[in-house]
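> Below: one structure in structure tokens.
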Amino acid sequence: MKIIRSTTVMQEKMIKISKSESIGFVPTMGYFHEGHLALMKQAAEDNDVVVTSIFVNPLQFGPNEDYEQYPRDEEQDIRLAEQAGVDILFIPSVKDMYPTKMNITLSVEERANVLCGRSRPGHFEGVITVLTKLFNIIRPNKTYFGLKDAQQVAVVDALINDLNFPIQLIALPTIREHDGLAKSSRNVNLANDERSQAVWLTKALEHGHQLVVDGEQNPAIIVKEVIDVINRETSGTVDYVEMLSYPELQSVSTIKNNVVLAVAVQFKRARLIDNIIFNENGKLIRQFY
């Protein structure tokens, strides 16, 4: 596995590779867990060359968010990436990615003013800015994301389609702990009692899904039930519970086609998100292309 830290060197290398080989790209902020590794392994199955980036992007963190506290372990990440079949690990610095103040800004008109986007203004602008730069540097044929952040997947889908990137988006199922908690780099920041409570995010979503399976079609009733479970079983503060069409992320008055039921809960030092995607009959949607 080759490690590259310069954007110029990376772009030059990828221009050469892209002429003859297919490229699978997994963008990350590092501190790898099984979810990241599953994306890398799938990319290795699908492509000639696998590229993973590690970049904690300051543009997608608000002034009071956890940019400085975001967990980092580059040495471990390098070891895990190599084991997962990554060919090139791209680890640029902030100065290299943003050598000067950006003269051009990107904004998200749809899909970003709900869920995390509502309480994190500017977050998805930062996401699409860094991804646009990474897509142009790496020139992937396919890019891989986990559905744990379903809103991010929906925004990336819009970015690729609206800007005509010749890239196929592959979104894979959420990887979970043995008790069902969604794998997240932020889980390490949970206190012991919070860790035992956090599984109730998953259980609350499963309860909401079961209501649909049993015939409930009113999103307001389902959302209230999910909030009640989280408030009753955890000490966290509910940021949101929403049910929206997917991937459009529009409000729905009744369940038709695919919807996402999503939650975000703030614990003392970790903000956790999770979701479940299903259709009007309750059939789970586990992958998105």
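> Answer with yes or no whether GLY117 is assigned to a helix (DSSP H, G or I) and over 25 Å from SER6 (Cα atoms).
yes
> Okay, next question. Go through the range 85-124 and report how many residues are closer than 21 Å to LYS13 by Cα and either at pLDDT below 90 or of a type in the set (A, V, I, L, M, F, W, C) (or both).
Number of matching residues: 7.
> Going residue by residue through the range 199-206, is there one that turns out to be surrounded by 16 or more Cβ atoms within 10 Å (Cβ to Cβ) and in contact with a Ser or Thr (Cβ under 8 Å, 6 or more places away or on another chain)?
yes
> Just for helices (runs of 4 or more DSSP H) wholly inside the range 142-252: which have at least 3 residues that are assigned by TED's automatic domain parsing to the domain that holds ALA112 and within 24 Å of GLY282 (Cα to Cα)?
Answer list for the range 142-252: 150-162.
> Starting from the range 209-225, take each residue that is among the acidic types (Asp, Glu) and list its partners that are part of a helix (DSSP H, G or I), counting only C-beta distances under 7 angstrom and pairs at least six apart or across chains.
Listed by first residue and then by second, the contacts come to GLU216/ILE222; GLU225/HIS207; GLU225/GLY208; GLU225/LEU211.
> Out of the range 44-57, which residues are exposed (fewer than 15 other Cβ atoms within 10 Å of the Cβ) and at pLDDT below 95?
Of everything in the range 44-57, nothing turns out to be exposed (fewer than 15 other Cβ atoms within 10 Å of the Cβ) and at pLDDT below 95.
> Every residue in the range 104-157 that is surrounded by 20 or more Cβ atoms within 10 Å (Cβ to Cβ) and of a type in the set (S, T, N, Q), please.
THR129, THR143, GLN151, GLN152
> Continuing with this model, one more query. Would you be able to say whether some residue in the range 187-195 is surrounded by 20 or more Cβ atoms within 10 Å (Cβ to Cβ), within 28 Å of LEU39 (Cβ to Cβ) and either among the small types (Gly, Ala, Ser) or touching a residue at least 60 places away in the same chain (Cβ under 8 Å) (or both)?
Within the range 187-195, one or more residues are surrounded by 20 or more Cβ atoms within 10 Å (Cβ to Cβ), within 28 Å of LEU39 (Cβ to Cβ) and either among the small types (Gly, Ala, Ser) or touching a residue at least 60 places away in the same chain (Cβ under 8 Å) (or both).
> What are the residues in the range 253-279 that are more than 21 Å from ARG111 (Cβ to Cβ) and either at pLDDT below 95 or part of a loop (DSSP other than H, G, I, E, B) (or both), if any?
PHE267, LYS268, ARG269, ALA270
> Just give me the residues in the range 78-100 being out of contact with any Ser or Thr (no Cβ under 8 Å at 6 or more places or on another chain) and closer than 11 Å to GLY30 by Cβ, in sequence order.
Residues satisfying the conditions are ILE78, LEU80.
> Can you pull out the residues in the range 212-232 that are surrounded by 15 or more Cβ atoms within 10 Å (Cβ to Cβ) and under 26 Å from the mean Cα position of the chain (by Cα)?
VAL212, PRO219, ILE222, VAL223, GLU225, VAL226, ILE227, VAL229, ILE230, ASN231
> Moving to a separate point now. Among the residues of the range 159-184, which ones are among the small types (Gly, Ala, Ser) and buried (at least 20 other Cβ atoms within 10 Å of the Cβ)?
Within the range 159-184, ALA171, ALA182, SER184 meet the criteria.
> Is at least one residue of the range 83-103 closer than 21 Å to MET40 by Cβ and exposed (fewer than 14 other Cβ atoms within 10 Å of the Cβ)?
Yes, the range 83-103 contains a residue that is closer than 21 Å to MET40 by Cβ and exposed (fewer than 14 other Cβ atoms within 10 Å of the Cβ).
> Inspect all residues belonging to the range 126-138 and state whether any of them is at pLDDT 95 or above and part of a loop (DSSP other than H, G, I, E, B).
No - not one qualifying residue is present in the range 126-138.
> Right, another one. Scanning for something under 20 Å from ARG186 (Cβ atoms), hydroxyl-bearing (Ser, Thr, Tyr) and surrounded by 13 or more Cβ atoms within 10 Å (Cβ to Cβ), does the range 246-265 turn up at least one residue?
No: zero hits.
The values are calculated or read from the model by the stated rules, or taken from the named source; none is laboratory data. Bear in mind that the values here come from a model prediction, so they are computed numbers and not experimental data. When we count neighbours, we look across all protein chains shown, and the Cβ atoms used for this are built from the backbone with ideal geometry, even at glycine.
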